[in-house]
1. Any idea how many residues of the range 291-330 are among the aliphatic types (A, V, I, L, M) and on the phi > 0 side of the Ramachandran plot?
2. Any chance you could count how many residues in the range 323-366 are modelled with pLDDT of 90 or more, over 30 Å from E119 (Cβ atoms) and of a type outside the set (A, V, I, L, M)?
3. Could you check the range 240-267 and list, in sequence order, the residues that are open to solvent by 20 Å² or more (accessible area, probe 1.4 Å), assigned to a strand (DSSP E or B) and within 19 Å of A304 (Cα to Cα)?
4. Considering only residues that are in a helix (DSSP H, G or I), open to solvent by 20 Å² or more (accessible area, probe 1.4 Å) and touching a residue at least 24 places away in the same chain (Cβ under 8 Å), look in the range 324-345 and name the one that is nearest to K142 (Cα to Cα).
5. Among all residue pairs at least 6 apart or on different chains, which show Cβ distances below 7 Å where the first residue, located in the range 150-167, is under 19 Å from R306 (Cβ atoms) and the second is open to solvent by less than 30 Å² (accessible area, probe 1.4 Å) and in a strand (DSSP E or B)?
6. Specify the residue that is modelled with the highest pLDDT; the eligible residues are those in the range 126-147 that are surrounded by fewer than 16 Cβ atoms within 10 Å (Cβ to Cβ) and more than 27 Å from the chain's Cα centre (by Cα).
7. Given the structure, is F125 hydrophobic (A, V, I, L, M, F, W, C) and within 22 Å of T348 (Cα to Cα)?
Amino acid sequence: MSNSVVVRESLRLEEQLAIWEDVYLNTRCSSPFLSPHWIEGWLRNISSPLLTALFYCGNHIKGIALIGTNTQRVLGLKINNAYLNQAGTETEDQAWIEYNDLLCPEKFRTEFFELLVSELRKRRFHRFKTSMKTNSYLQFSKSQYIAHTDVLITKGFTTSLDVFTQYPSKIMSKNSRTQIKRSQKLLKLEFGDIDILKCSTPTEILEGLKELAELHRLRWGSTENGSGFDNSIFMEHQKSILLTKPHFAELIKCVAGNKTIGFSINLILSETVFFYCSGINYFRNDNKVKAGYVMHHEIMNYYANRGFKTYDFLGGNSRYKSSLSNREVSFFTETFIFNNLTGKVLSTYKKIRHCLSKPSPDFPQQ
């Protein structure tokens, strides 16, 4: 029997979770964001209906993907969008996903994608947005179903904890090591010894999450996207995985004496720690104490002592991530515009905009 993709519109939550877990257990998946723990926490805190794409090998389900949808207006045209493992709404997707992809064995991924694109196109979708994948599907840009593809590449960073603890000079520059040592010395002199505490009881988790949220709001609340902790869906998702999945999600507190340096939410999968979110106490206005660097340095040592092998900073080209890591990762966010009438119009419009946005050769490209 040939393989196929079936898109279900009204699959109950418990059915989605049961199929997801079954496929996950039969897939060598190294993404915490595709684990049943993360997916369940997210699904139970959103209200938007999702399509469920099932990849069948004969009569057996070998792959699954959740498809969020929305409609936008471009040039007066109604554009139907589909999203891979996202809802398609800002509030429900603020609990961002990385290491995203179709959940299936590697040998089926290409076929699953092709069949899914074909099925979405039949359902009159015009655009398929796939975010933060380490596998690129750019080879499908010349497919008969694709009119145009937009690609955004985001850097991510990881650290070998064995190298970090045994040969720190191979990870950190002399300047970074000096800054961390100076910060540690000043913190110890002013407040006391630096320590790492794991929030383990429900009370510790709830109190720690509240403190983290306050610190996060101070840092990000006034930015364009704001703090996720002002979003009840984001907050409830973090709370649910920390309280109900203690072997998957951990809340870590870094202190100097009785002074809070910061909190970190980390996801655990096999021998890897994924740094997801933090709240840093920027209590000094000068540049002498690098609180964030100290916190990560201490947390990395803490997890190394527990036997973990890799510390993953996830995506984002922040200086502290590159300074404390020894490997880069590329995340691909790819938007595929389908080769139907509306898709062709949208594709032509984007190409014209792209050409017009190029600097003229008559002027210096400053």
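The values are calculated or read from the model by the stated rules, or taken from the named source; none is laboratory data. These figures come from a predicted structure and were not determined experimentally. Please note: Cβ atoms are built from the backbone with ideal geometry, for glycine as well, and neighbour counts cover all protein chains shown. Surface accessibility is based on the protein's heavy atoms, side chains included, excluding ligands, DNA and RNA. Shrake-Rupley method; radii C 1.70, N 1.55, O 1.52, S 1.80 Å.
1. Taking the range 291-330 first, the residues among the aliphatic types (A, V, I, L, M) are 291, 294-295, 299-300, 304, 314, 324, 329.
Remaining after also requiring on the phi > 0 side of the Ramachandran plot: 314.
Qualifying residue count for the region: 1.
2. Summing the residues that are modelled with pLDDT of 90 or more, over 30 Å from E119 (Cβ atoms) and of a type outside the set (A, V, I, L, M) in the range 323-366 gives 5.
3. K253
4. Initially, the range 324-345 is screened for residues in a helix (DSSP H, G or I), giving 341-345.
Right, trim to open to solvent by 20 Å² or more (accessible area, probe 1.4 Å) and you get 341-342, 344-345.
Right, trim to touching a residue at least 24 places away in the same chain (Cβ under 8 Å) and you get 342, 344-345.
Working: T342: 18, K344: 14, V345: 17 Å.
The extreme case among them is K344.
5. Listed by first residue and then by second, the contacts come to T158/Y311; T158/D312; T158/F313; T158/V329; T159/Y311; L161/Y311.
6. Q144
7. Numbers: hydrophobic (A, V, I, L, M, F, W, C): yes; within 22 Å of T348 (Cα to Cα): yes.
Criteria met by F125.
Here is a yes/no grid of residues against (1) part of a loop (DSSP other than H, G, I, E, B); (2) hydrophobic (A, V, I, L, M, F, W, C); (3) farther than 30 Å from Q144 by Cα; (4) open to solvent by 60 Å² or more (accessible area, probe 1.4 Å):
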| position | (1), (2), (3), (4) |
| --- | --- |
| N287 | yes, no, yes, yes |
| V294 | no, yes, yes, no |
| A304 | no, yes, yes, no |
| K321 | no, no, yes, no |
| S347 | no, no, no, no |
